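The structure under discussion appears below in the form of structure tokens.
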Amino acid sequence: MGGNVGESENGKKVARLWAGKITRLYRAAEAFKMGASTVNVDGMVFTKPDDLIEYAESLPSRILVRSDWHEPWEKCVYPREYEVLLFLGGFATRLIGFLDADCRPKTVTVEWSEMGMPWTEWIPGRVENLSERKEHFTTNPQLLIDSDSNATMATSCSRCGESLVGAENSDPTGLCNACLAAMDAENVSRALLWFVRLLDYWGNTTPHIAKQTSDHSTHKKKAGRRKKGAL
């Protein structure tokens with residue numbers, strides 16, 4: 001039983017690592033928009049936005065779509081949902097969500113699985129992720145870009161004003177735990193949606209619904225006759 005707990009923690013960790021990687025790619029893309037000539041993502045240096053996008057598009061292992069419910073006499077190839085598989089092997093991570101009327105992703109959710117286990121949602125910004133993020137900011141003070149304040153020893157949250165006095169509720173970003181979690185969730189969700197919309201596959205899922213040659217009213221008449229003879 002203890003082994004399963006450890007495995008679950010590893011599965012969640014892989015999902016968190018993927019979310020972090022995509023978030024850093026999103027920030028790098030935003031830096032290019034702001035005029036940066038060079039960006040560094042996990043030790044990889046990009047000098048052109050197109051190179052960054054090409055790298056991001058190479059990350060998925062598989063992309064799938066599936067259609068909505070439809071009537072029996074319709075051939076429906078109108079995709080409503082998508083799946084982007086990011087990791088194949090012992091630990092699998094996927095991004096899933098719904099597509100809009102133009103077959104573009106409009107929502108995104110992160111899920112993880114391991115060794116045939118059911119898919120489990122990973123929610124960004126949860127309290128268990130804060131200690132790792134605090135350590136990241138503490139050891140990388142130049143990354144204090146999410147805070148509204150540059151002070152590393154703030155006494156109150158720059159977002160809600162809550163006191164930061166005390167080790168359990170202090171953070172080098174100048175945010176309380178609740179605001180830090182909320183900002184993490186916002187940033188990660190924004191980055192994930194940017195990533196799935198970036199993928200150059202959605203143009204191949206042009207929606208169309210082709211009905212069979214027989215009129216659906218014929219099917220309804222037959223269904224009515226079957227009902228009359230049914231017990």
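General remarks:
- Considering only residues in the range 159-198 that are at pLDDT 65 or above and of a type in the set (S, T, N, Q), the one that is surrounded by the most Cβ atoms within 10 Å (Cβ to Cβ) turns out to be Ser189.
- Among the residues of the range 85-115, those that are more than 24 Å from His70 (Cβ to Cβ) and touching a Pro at 6+ places or on another chain (Cβ under 8 Å) comprise Leu85, Leu86, Val110.
- Condition met for Ser113 (modelled with pLDDT under 75, hydroxyl-bearing (Ser, Thr, Tyr) and surrounded by 13 or more Cβ atoms within 10 Å (Cβ to Cβ)): no
- Filtered residue count, the range 34-43, keeping only those that are surrounded by 11 or more Cβ atoms within 10 Å (Cβ to Cβ) and outside any strand (DSSP E or B): 2
- Any hit, the range 44-64, residues being part of a strand (DSSP E or B) and in contact with a Pro (Cβ under 8 Å, 6 or more places away or on another chain): no
- Flag for Leu99 being modelled with pLDDT of 55 or more and either among the aliphatic types (A, V, I, L, M) or over 18 Å from the mean Cα position of the chain (by Cα) (or both): yes
- Any hit, the range 135-158, residues being assigned to a strand (DSSP E or B), at pLDDT 65 or above and over 19 Å from the mean Cα position of the chain (by Cα): yes
- Looking only at the range 65-93, residues that are assigned to a strand (DSSP E or B) and either hydroxyl-bearing (Ser, Thr, Tyr) or farther than 22 Å from Gly11 by Cα (or both) come to 11 in all.
- Residue within the range 117-124 that is surrounded by 13 or more Cβ atoms within 10 Å (Cβ to Cβ), within 30 Å of Glu54 (Cα to Cα), modelled with pLDDT of 75 or more and in contact with a helix residue (DSSP H, G or I) (Cβ under 6 Å, 6 or more places away or on another chain) present: yes
- In the range 55-82, the residues that are surrounded by 16 or more Cβ atoms within 10 Å (Cβ to Cβ) and in contact with a Gly (Cβ under 9 Å, 6 or more places away or on another chain): Tyr82
- Residues in the range 53-67 that are more than 17 Å from Leu17 (Cβ to Cβ) and either of a type in the set (A, V, I, L, M, F, W, C) or in contact with a strand residue (DSSP E or B) (Cβ under 9 Å, 6 or more places away or on another chain) (or both): Ile53, Arg62, Ile63, Leu64, Val65, Arg66, Ser67.
- Flag for Ala31 being crowded, with 18+ Cβ neighbours inside 10 Å, in contact with a Pro (Cβ under 8 Å, 6 or more places away or on another chain) and at pLDDT 90 or above: no
- Matching residues in the range 93-110 - criterion: being buried (at least 17 other Cβ atoms within 10 Å of the Cβ) and either closer than 13 Å to Ala19 by Cα or β-branched (Val, Ile, Thr) (or both): Thr93, Arg94, Leu95, Ile96, Val108, Val110
The values are calculated or read from the model by the stated rules, or taken from the named source; none is laboratory data. What you are looking at is a predicted structure, and each value in this text was computed from that prediction instead of being measured. For neighbour counting, all protein chains shown are included, and Cβ atoms are generated from backbone atoms with ideal geometry for every residue, glycine included.
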